[in-house]
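The values are calculated or read from the model by the stated rules, or taken from the named source; none is laboratory data. Remember, it's a predicted structure, so these values are computed and weren't measured experimentally. Here Cβ is always computed from backbone atoms with ideal geometry, including for glycine, and neighbour counts include all displayed protein chains.
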Amino acid sequence: MKVTPTETAGQRLGRTTRRRAAESVVRVLIYAAGLLSIVILLAIAVFLFVEARRSIAEVGLGTMLTGTKWFPTGTPKIFGFLPLIIGSLMVTGVALVVFVPVGIGAAVYISEFSAGWLKEVTKTVIEFMAAVPSVVYGFLGVAVLIPWVKTAFGLTSGMTALTGGLVLGVMSLPTVISISEDALHAVPDALRQGSLALGNTRWQTAYKVVVPSASSGIFAGVMLGLGRAIGETMAVLMLTGNAAVIPTNIFESVRTMTGTIAAEMGEVVFGGLHYSVLFSVGLVLFGITFVINLAADLVLERQRKRWRR
Amino acid sequence: MVMSAVLEEVAMEAPFSGTGRSRTYAEGAEEISGSFSLTDVSVAYGNETVIAGVDMLVPSRAVTALIGPSGCGKSTLLRCFNRMNDEIGNVRVGGTITLDGLDIYQKSIDPVDLRMRVGQVFQRPNPFPMSIYDNVAFGPRTQGIRKREELDAIIEDALRDAALWEEVQNHLKKHAFELSGGQQQRLCIARALATRPEVLLMDEPASALDPISTQQIEDTIAELKDRVTIVIVTHNMQQAARISDQTAFMLRESMDQPAHLVEVGDTKRMFTNPNDKRTESYITGRFG
């Protein structure tokens, strides 16, 4: 093809300019996608706050946070969050006791001891666990765990903080395992080799070198599992019995913050005081999970910097 | 055959001097010599034999250098000495390797125990993410040493032997990652020495370091060799010539056949008057 010099130069310049333009369009789109998540998060916070404004003005945030009784439909109406907050914490605490040892143990097994097809199968099954809807976990709890807890501990009802916590623990496992496993996987192989060459067994290497090296990532996994557990609604609603009384032990029925919102939202007057109070509960929940996730993120970021030498 | 003549020569000339030892190795070290003997050693990854027919002696308390072009199996052979190949799946080691007459691949030998006697320093410094003190104390603690004074003494000795004590004696609680690359590598040498091994394997220990740090590592090796047997893999011919007493030259002549030992012998003789043409070509830089 015959091309005159002026054409070539001009077309080339034109093409570059067009490419630049395309690039800046793509960049704006990507920025927008990134910003969108921040905007959504802020919008949720603002929305919660706006809807909760009435309850904060009429009841007072302090009164709600320190109130020990929850009688939203009684006379007089009492909106104390403590039974709900303690209920949530108790169920989450039980879950923590389940998912910390099991989750870290499973992550160490997958990362340090399993190999080949077994490793792949285990990882896939754990990802599957995350995909099971929470209501299905609730079914399992109702069918299996509630009768078991009732007979095993000789209780009048199997709907307890323990029951909900056990199921929540299992539900949080995929989060804890996959994040911990990533952290263990990121530990340089040179450290394992160094430890083995010093006459440590693989087990000693795992718990003396690899796990401590991955500790911040494992911690982050635990925090995210915690966030998952405290925010879970459906399974606890089905399993904990939902008595809004400050519990004294894990064999009592409890009502969580999430369960309260889900159960009562359908029955309140739109825009009424009770409605607004439920948004305050949501605001508290949002605050708790936000702090937990933020802490996990900060820790993860520190770990990433550590291996980037 | 040439090979056996070379072996005899090495055995004769090997410096078995046990003098000038520090107190670290004084007790119980006399009856232990730390010499390896390899007979018809081969290594296979799955079905592919990568090293075959290696016969050599590693004399006690001397430096043996393994040289050869990249991919000739030097590091793989080195990992046979402390059975680190066991940790990589699908690796089979054939033939016989004995440490002071003891077959290290026999069933009754636990590789974990073996590795306490045969330490290793890796190509890149790999300190654990903990303090300098805890790094060096790692091996002794595994051996069950818990007493503070005992650990303190072992750590000081090991750091002195690795020529790092002067620089870190006031910073033992500092995180190991705060040290420079060269210091980290000497820390790893100290860490390996702290279990009081008879043999120290070094896999290109200076290849990731600057010239000054390399010099310090080489000085450390020279200091150590009358107390501990050293087997070092190196790419650097000058380094092999400078620091080793015995040199073994390995070569894999084509991808279809396994690597083998071309020549092994006294370093001075190998570098001045090699028996084999291929050794001469490699040493003079004609290939590799």
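Values as computed for the structure displayed
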| read-out | value |
| --- | --- |
| Matching residues in region A:59-75 - criterion: being among the hydroxyl-bearing types (S, T, Y) and either part of a loop (DSSP other than H, G, I, E, B) or exposed (fewer than 15 other Cβ atoms within 10 Å of the Cβ) (or both) | A:T66, A:T68, A:T73, A:T75 |
| Residue check, A:P147 surrounded by 20 or more Cβ atoms within 10 Å (Cβ to Cβ), of a type outside the set (G, A, S), farther than 21 Å from B:F138 by Cβ and more than 12 Å from every other protein chain (Cβ to nearest Cβ) | no |
| Leading residue by the ranking (surrounded by the most Cβ atoms within 10 Å (Cβ to Cβ)) among those in region B:163-192 that are among the hydrophobic types (A, V, I, L, M, F, W, C) and touching a strand residue (DSSP E or B) at 6+ places or on another chain (Cβ under 9 Å) | B:C188 |
| All positions within region B:72-96 that are farther than 16 Å from B:V50 by Cβ and either part of a strand (DSSP E or B) or in contact with a His (Cβ under 6 Å, 6 or more places away or on another chain) (or both) | B:T96 |
| Neighbours by Cβ (under 6 Å, 6+ apart or cross-chain): first from region A:229-246, outside the structural domain of A:F99 (by TED's automatic domain parsing); second surrounded by 23 or more Cβ atoms within 10 Å (Cβ to Cβ) and part of a loop (DSSP other than H, G, I, E, B) | none |
| B:F128 more than 21 Å from B:V199 (Cβ to Cβ) and either more than 9 Å from every other protein chain (Cβ to nearest Cβ) or touching a helix residue (DSSP H, G or I) at 6+ places or on another chain (Cβ under 6 Å) (or both) | yes |
| Hits in region A:58-78 (condition: at pLDDT 90 or above and closer than 16 Å to A:G259 by Cβ) | A:W70 |
| Enumeration of residues in region A:253-275 that are hydrophobic (A, V, I, L, M, F, W, C), over 16 Å from A:M238 (Cβ atoms) and touching a strand residue (DSSP E or B) at 6+ places or on another chain (Cβ under 9 Å) | A:L273 |
| Flag if B:K107 is more than 21 Å from the chain's Cα centre (by Cα), more than 11 Å from chain A (Cβ to nearest Cβ) and within 30 Å of B:V41 (Cα to Cα) | yes |
| Yes/no for A:M265 being crowded, with 22+ Cβ neighbours inside 10 Å and in a helix (DSSP H, G or I) | no |
| Region B:32-68, residues that are closer than 16 Å to B:R252 by Cα and either of a type in the set (A, V, I, L, M) or under 18 Å from the mean Cα position of the chain (by Cα) (or both) | B:V41, B:V43, B:A44, B:V50, B:I51, B:A52, B:V54, B:D55, B:L66, B:I67, B:G68 |
| Tabulated pairs, region B:184-200, first more than 9 Å from chain A (Cβ to nearest Cβ), second among the hydroxyl-bearing types (S, T, Y) and in a helix (DSSP H, G or I), C-beta under 9 angstrom, 6+ apart or interchain | B:Q185/B:S213; B:R186/B:S213; B:R186/B:T220; B:I189/B:T220; B:L193/B:T24; B:R196/B:T24; B:R196/B:Y25; B:E198/B:Y25 |
| Subset of region A:146-185 [more than 22 Å from the chain's Cα centre (by Cα) and of a type outside the set (V, I, T)] | A:P147, A:W148, A:K150, A:A152, A:F153, A:G154, A:L155, A:S157, A:G158, A:M159 |
| Within region A:186-210, considering residues that are outside any helix (DSSP H, G or I) and under 32 Å from the mean Cα position of the chain (by Cα), the one surrounded by the most Cβ atoms within 10 Å (Cβ to Cβ) | A:V187 |
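So that you can scan it fast, the table gives a plain yes or no per residue for (1) surrounded by 19 or more Cβ atoms within 10 Å (Cβ to Cβ); (2) touching a Phe, Trp or Tyr at 6+ places or on another chain (Cβ under 7 Å); (3) modelled with pLDDT of 95 or more:
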position: A:E51; (1), (2), (3): no, yes, no
position: A:V102; (1), (2), (3): no, no, yes
position: A:F113; (1), (2), (3): no, no, no
position: A:T122; (1), (2), (3): no, no, no
position: A:L140; (1), (2), (3): no, no, no
